[in-house]
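Okay, so here's the structure we're looking at.
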Amino acid sequence: MQHRYIPMTETDRDEMMKTIGITSVDELFEDIPEKVRFKGEYNIKKAKSETSLTKELSKLAAKNADARTYASFLGAGVYDHYKPIIVDHVISRSEFYTAYTPYQPEISQGELQAIFEFQTMICELTGMDLANSSMYDGGTALAEAGTLASGHTRRKKLLVSETVNPESRDVVLSYATGQYIEVVTIPQKDGVTDMAKLEEMMDEDTAAVLVQYPNFFGQIEDIQTIGEIAHAKGGLFVVSSNPLALGILTPPGKLGADITVGDAQPFGIPESFGGPHCGYFAVTKKLMRKVPGRLVGETTDDEGRRGYVLTLQAREQHIRRDKATSNICSNQALNALAASVAMTALGKVGAQEIAYQNIVKTRYAKETFEKAGFNVKFSGSHFNEIVVDCKQSVKEVNTRLFAKGIIGGYDLGLTYPEFANHALIAVTEQRTKEEIDALVQEMEALHA
Amino acid sequence: MHKDNQALIFEITREGRIGYSLPELDVPELDLSDLLPKGFVREEVAELPEVSELDIMRHYTALSNRNHGIDSGFYPLGSCTMKYNPKINESVARYPGFANIHPLQDESTVQGALEVLYDLQEHLVEITGMDEVTLQPAAGAHGEWTALMMIRAFHEANGDFKRTKVLVPDSAHGTNPASATVAGFDTITVKSGEDGLVDLEDLKRHVGDDTAALMLTNPNTLGLFEEEILEMAEIVHAAGGKLYYDGANLNAVMSKARPGDMGFDAVHLNLHKTFTGPHGGGGPGSGPVGVKKDLIPFLPKPVLVKKDEVYTFEYNLPQSIGRVKPFYGNFGIYLRAYTYIRSMGPDGLKAVTEYAVLNANYMMRRLEPHFDLPYNRHCKHEFVLSGRRQKKLGVRTLDMAKRLLDFGYHPPTIYFPLNVEEGMMIEPTETESKETLDAFCDALIQIAKEVEENPEIVQNAPHTTVINRLDETKAARFPVLRYTKA
């Protein structure tokens, strides 16, 4: 058969078989034992032409309600933010997206330098000393932070705040189980980590305290105090942080974090039904040689020209094999590039402005809900998210909102039974005043 | 190309320039000090670049020109399956109904996306010969770990807690032993025999009632099919262990042999290798895992269910190993793999493997007179040459790899697998033309000649790249991992 992705002609094939000394391609598969040889063809759908396939897949795509058509108030770890159009143009350059990991630095300087710049931008936002080239996502980055802390401190317990994203907490638990590490949840109180409980629970068997900043409820935790409590007993302090918020918030690096992780999805990466996104992993200098994944470092060639290479590879699986502390190999390089372009486009001023817009818009939503008589939980500061008491099933509310062109908030009762009938509503700079007003009005109408 | 320092984005920044266009702020402005607690507004601003949109485009265009991708030229990087990344895949992944949907939307509003997930799973079940597939793992190594956690949960559910060892052949990918460690196992290395295949006697020596699993790549990293696979399966199964298939080399056996029929209990696939999700300069990938019946209860959460033409996620899975990743995996990569599979169909996938293998054998025979070929038999999708002969003349495989850069090629994987001295692992894939294969072979043959006649030109290569060989020792001894303003 001839296919547009397979250039060989019959003549090519015959010439090649002659060079090999075979008369049929089947001879090349004779080492597969008869008993396991698969005969015939897979029972899968027949090939489709470009035109019919794009037609079919466009129809499937159109079955989904997207954030361009609907006003979405879903957040909970994945956000609809401004995506500078230039981002997609840069990452569509196929010298980037069709390359493998930059193992040959002489012909991979573009990717290596882009990662070096990414590492720098993550350091700037988080206030940490160094950052790696990316992780799968925020959840697995947090999980690897936990296992790193356990290995570093030789302690087998992690304290994780209940205000950390529940999906991420689940991933932390799975990874910890792999390495026989115990995970204990610090309860929340008034939407933030319960400090009294934390002080009680923190002990000399605890490898690290893991918190989120801003937390799952959109609250700004007092991470400085939490860090002090963790350090007082010799544990590490791990902060999971939305990097977009760090355009304005004091960075975790300045507040005592040993490891800061998170997801760079808010910077130019589409929601894409949950992935691929882009985990980041940043640490203080003392943990440099324990960082999972790839690191890019600056060096020179024999003529003194500046260049970039993958470095400190003695940490990694392909060198250390079973002694490696992480098995990560593929990362999210292309999405790290996307995030870099978005961080560059926003730049020094835009990064502050976008964070500011998110804060004031969230505040506006909070006040509008309150004016309409809703109880908005928690008195602290909010970033992106507020918890609204719907006084009825969130699922039902959302079904009604959907009919009005609105995708409602996250049903908090699904993961926090004490907040049944509460919606976690996310407001980004993408939501207009009009959309926020409409959301409140529609919910009010349901209420009445 | 100019051999000059390429400016960093931070070095072209000018105070006051902007590259963004944020939505108009349509709510009342407020003072930050009223909105955030004291001490939580940053004092030092993050020093991100200040550049115009054209500055950004020129900067990244310059960087892309300093990067080699498959679209730039031949990329025979062994074990990585650097085949053409079809453009239709990129278009489909960007459809608004796929790119701009939120993972926590009500299932009724994302039925199109769920249908893609489900149908992709069905296709992968058939391709692997397994009973069920989870798409969630984010990459191959993540898939290995996920499957090993399931195998561990399986043994523990049987009250069997002494199975602490995972057997891994010496030719295995580095991720195999690392994944075993991260899943809480000890790794035992099984030797390869003179023929490059797993030494059955050594396997028997190590297998026992403490064996959790054997991890195997088939064809292995030498590109050789493990012919005694059924015997191996029997040995491991008889001892109560599970058999794990590293699917990195699936491109070699599609429509020819299925892991499920070879006795494997679990398998991971690299959608970014065999199924053309682009490598993206290192990721994102996708590493779905297929399993046989008795591992199904341990699949990660959630599991996608189809009932009366409606797709839903099931979370109530008491024996599940839990979540391995937030949400449902790298959906954007599934779209690309699914589009690819649907573009190829059953006859297309068969042709993929036949040409991938034909191309590798053709190159191997063309290069055989000029290099040592430690395992001289038909290979599968890749083969490994040894640079022993050239090393005796003072030229190392690394030098030859660097010399290939001057010819415009990405070099093969080198010094892997570990059981070949001065190894050079070549995987052409099926998407290359005979002219390309010939031109690459001609270049490598010329380099072999240069090694004999003019070794310096090889030893000092590359000569035409934007930069010469870089000082990696310096990079590791004095790490500079971020830009700092002078």
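Every read-out reported here was derived from the displayed coordinates using simple, explicitly stated rules and does not represent laboratory data. Bear in mind that the values here come from a model prediction, so they are computed numbers and not experimental data. FYI the Cβ positions are ideal-geometry reconstructions off the backbone, even for glycines, and counts take in every protein chain you see.
Some notes on this structure:
- For the stretch B:291-329, applying the loop criterion from DSSP together with a ceiling of 11 other beta carbons within 10 Å to the chymotrypsin sites (Phe, Trp or Tyr not before Pro) yields B:Y315.
- Distance between the stretch A:215-271 and the stretch A:155-188 - C-alpha centres, whole angstrom: 16
- From phi via Karplus (6.51, -1.76, 1.60), per-residue ³J(HN,Hα) for the stretch A:145-155 in Hz, x at Gly/Pro: 4, x, 5, 4, 4, 5, x, 5, 8, 6, 10
- With helices as the sole contributors, chain A gives -12000 deg cm²/dmol at 222 nm; each DSSP H run of n ≥ 4 counts as -39500 (n - 2.57), and the sum is divided by every residue.
- Under the combined filter of DSSP loop state and at most 10 neighbouring Cβ atoms within 10 Å, the stretch B:33-65 retains these GluC sites (Glu not before Pro): B:E43, B:E44.
- GNM top mover of A:A336, A:A67, A:A264 - chain A, alpha-carbon springs below 10 Å: A:A67
- Look at the dipole of the protein assembly as shown built from charges on Cβ: of B:S108, B:P28, A:A342, the Cα furthest out on the positive end belongs to A:A342.
- Residue-averaged beta-carbon neighbours from other chains (10 angstrom radius) around A:66-74: 5
- Between the stretch B:368-431 and the stretch B:243-286, the alpha-carbon centres lie 23 Å apart.
- Over 32 Å [Cα-Cα, chain A], rounded percent: 48
- Couplings 3J(HN,Hα) for the stretch B:29-44, derived from phi with the Karplus relation 6.51 cos²θ - 1.76 cosθ + 1.60 (θ = phi - 60°), are 6, 9, 7, 4, 5, 7, 9, 10, x, 4, x, 10, 9, 5, 8, 9 Hz, where x marks Gly and Pro.
- Cα gyration tensor, chain B - rounded (a/c under 1.5), prolate or oblate: oblate
- Legend: ranking of residues B:V303, A:V261, A:V238 from fewest to most surrounding C-beta atoms inside 10 Å; resulting order B:V303, A:V238, A:V261.
- By other beta-carbon atoms within 10 Å, ranking A:F73, A:F369 with the fewest at the front produces A:F369, A:F73.
- Peptide packing: for B:122-130, B:16-24, the average count of neighbouring Cβ atoms within 10 Å per residue gives the ranking B:122-130, B:16-24, highest mean first.
- Here's how it looks for A:Y280: its modeled amide H is under 5 Å from those of A:M135, A:G262, A:D263, A:A264, which are all 5 or more places away or on a different chain.
- Computed 3J(HN,Hα) for the stretch B:205-210, one whole-Hz value per residue from the Karplus formula 6.51 cos²θ - 1.76 cosθ + 1.60 where θ = phi - 60°, is 4, 8, 6, x, 6, 9, glycine and proline marked x.
- Residue (of A:F383, A:A403, A:L414) at the positive-pole extreme of the stretch A:355-419, dipole from beta-carbon charges: A:A403
- Every helix of 4 or more DSSP H residues in chain B counts as -39500 (n - 2.57), and over all residues that averages to -11000 deg cm²/dmol at 222 nm.
- Counting Cβ atoms of other protein chains within 10 Å of each residue's Cβ and taking the mean over peptide A:134-140 gives 6.
- Peptide B:429-441 - average C-beta neighbours from other chains (10 Å radius): 3
- As a length-normalised measure over Cα pairs under 8 Å and 6 or more apart, the relative contact order of chain A settles at 19 percent.
- Cα gyration tensor category, rounded, prolate or oblate, for the stretch B:1-109 with a/c compared to 1.5: oblate
- Under-5 Å amide H pairs with A:S240, H placed in peptide plane, nonlocal only: A:V211, A:Q212, A:Y213, A:V261
- Furthest towards positive pole of dipole, A:A76, A:Q317, A:G268, structure part chain A, Cβ charges: A:A76
- A cut-off of 5 Å between modelled amide H atoms, ignoring neighbours fewer than 5 places along the same chain, links A:E182 with A:K157, A:L158.
- Between the stretch A:76-107 and the stretch B:329-353, the alpha-carbon centres lie 22 Å apart.
- Radius, Kirkwood style, for the protein assembly as shown when every pair of distinct Cα atoms is counted (Å): 28.2
- Mean Cβ neighbour count within 10 Å, used as a protection proxy, ranking B:347-354, B:370-377 highest first: B:347-354, B:370-377
- Computed over chain A with a Gaussian network model linking Cα atoms closer than 10 Å, the most mobile of A:E162, A:E367, A:E111 is A:E367.
- Overall form of the stretch B:236-394 per C-alpha gyration tensor (a/c, 1.5; a/b vs b/c): prolate
- Spin-label pair B:E368/B:E472, simplified geometry with 7 Å Cα→Cβ offset, distance in nm: 3.2
- When you restrict to C-alpha pairs under 8 Å that are six or more residues apart and normalise by the size of chain B, the relative contact order lands at 18 percent.
- Cross-link pairs beyond the 23 Å C-alpha cut-off, checked among A:K35/B:K350; A:K63/B:K307; B:K402/B:K474; A:K254/A:K348; A:K156/A:K254: A:K156/A:K254
- Each peptide in A:114-122, B:289-297 was scored by the mean count of other Cβ atoms within 10 Å over its residues; highest first, the order is A:114-122, B:289-297.
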